[in-house]
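Accompanying notes for the structure given below.
Readers should treat all values here as calculations from the given coordinates under stated rules, not as data from a laboratory. On a predicted model such as this, the values are computed, not experimentally measured, just so you know. In this analysis, Cβ positions are derived from the backbone assuming ideal geometry, glycine residues included, and neighbour counts consider all displayed protein chains.
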Amino acid sequence: MKCFPLSEGTYTVDQSKNFIPFNSEIDSVKDRPGSLLVEICPFLIISDEGLIIIDPGLGLKNAEGEFQIIKNLSRLGYNSTDINFVLLSHLHKDHIGGVAYEENGEMKPMFPNAEYVYQEEEMNEALSVREETNRGDHLLSKKISRSFDENKLLFLKNRKEKIELKGNTKLLPRFVSSRTEIYCEVSGGHTKNHQVFWIDLGNEKYFYGGDVLPQGSQLIRKFAAKYDYDGKESGALRIQYGKKCAEENYACLFFHSSINPISKVKYEDGIFELIPY
Ligand SMILES: [Zn+2]
């Protein structure tokens, strides 16, 4: 296999959009009213054009004081400087927290040799939320939305080694001899310019649906999320993507699911089935 989950663990999140670590052995969701339980699972892809991280997560340190994502990489025999690309589905803070970290008041890249890839319009939108939210006229706010981390957004914006995509883009291959194909497709749904990734490594195919398809269970049970920019659109998209994965043999990568974060999809008689991969 050329794809590895880099789980950051389980958290609860409430209206404040703060992610609090959750240990199922000692913590109870009942003690955190109004909270949603979420898992955070970035991915590593090993391609013939280099190492790729998809959505580096919260970027939090573990109890030993190490960044969990770096610890996960080291278990696989890699370190932060080995990463060539960081793909970002959208710019919510639970997906881009791990792009950088603060040290002595300065932002440092978590993956110093990587090009960071995101949709330009997603950035414009995220920064413009500062004046008014995109939820019509009932939630006007002068501050940046709590779903975003301003320091991380500005770090990305100011980084030289970045690729700002303008809509659907074939990111790879770059080399004629490469067997890697990565297609970045703007999906919308979760955020206006959210993107998904179709990754073909030559003999393994992966689909990353970001927060449009964050958990396999969302293929099994119909579900419209309140936190989506367009919940109905997201619901329709995930069915469409699920069917394509089944037909074309893509394994799905689920960012918000640490249990079976990589699954193959079967679709028969209108019913989806997930096969852990
Ligand atoms: Zn999100």
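Some notes on this structure:
- Note on Lys232: aspartates and glutamates with a C-alpha under 20 Å away, same-chain residues under 8 apart excluded, are Glu122, Glu185, Asp211.
- Eligible aspartates and glutamates near Lys61 by straight Cα distance, threshold 15 Å, same-chain separation 8 or greater: Glu8, Asp94, Glu102, Glu103
- Electrostatic dipole magnitude of the chain [Cβ: Lys, Arg +1; Asp, Glu -1; Cα centre; debye, to 20]: 220
- Counting every C-alpha pair in region 139-277, the share spaced more than 20 angstrom apart comes to 54%.
- The trypsin sites (Lys or Arg not before Pro) of region 197-271 meeting both criteria, a DSSP state outside H, G, I, E and B (loop) and at most 14 other C-beta atoms within 10 angstrom of the site's C-beta, are Arg221, Lys222, Lys226.
- Here the scattering of region 1-106 is modelled by Debye summation over its C-alpha atoms, one equal scatterer each and no solvent; at q = 0.12, 0.16, 0.21 Å⁻¹ the log10 of I(q)/I(0) is -0.44, -0.75, -1.15.
- Value of [θ]222 nm, deg cm²/dmol, for the chain, DSSP H segments ≥ 4, -39500 (n - 2.57) each, nearest 500: -5000 deg cm²/dmol
- A dipole drawn for the chain from +1 and -1 charges on Cβ atoms has a positive end, and of Leu87, Val212, Leu153 the residue lying farthest that way is Val212.
- Proximal aspartates and glutamates to Lys264, defined as alpha-carbon separation beneath 14 angstrom and excluding residues fewer than eight positions away on the same chain: Glu204, Glu247, Glu248, Glu273
- Restricting the calculation to Cα atoms, the chain yields a radius of gyration followed by a Dmax of 18.0, 57 Å.
- When the C-alpha to C-alpha distance is required to be over 30 Å, the pairs from Lys157/Lys244; Lys30/Lys205; Lys93/Lys266; Lys192/Lys222 that qualify are Lys157/Lys244; Lys30/Lys205; Lys93/Lys266.
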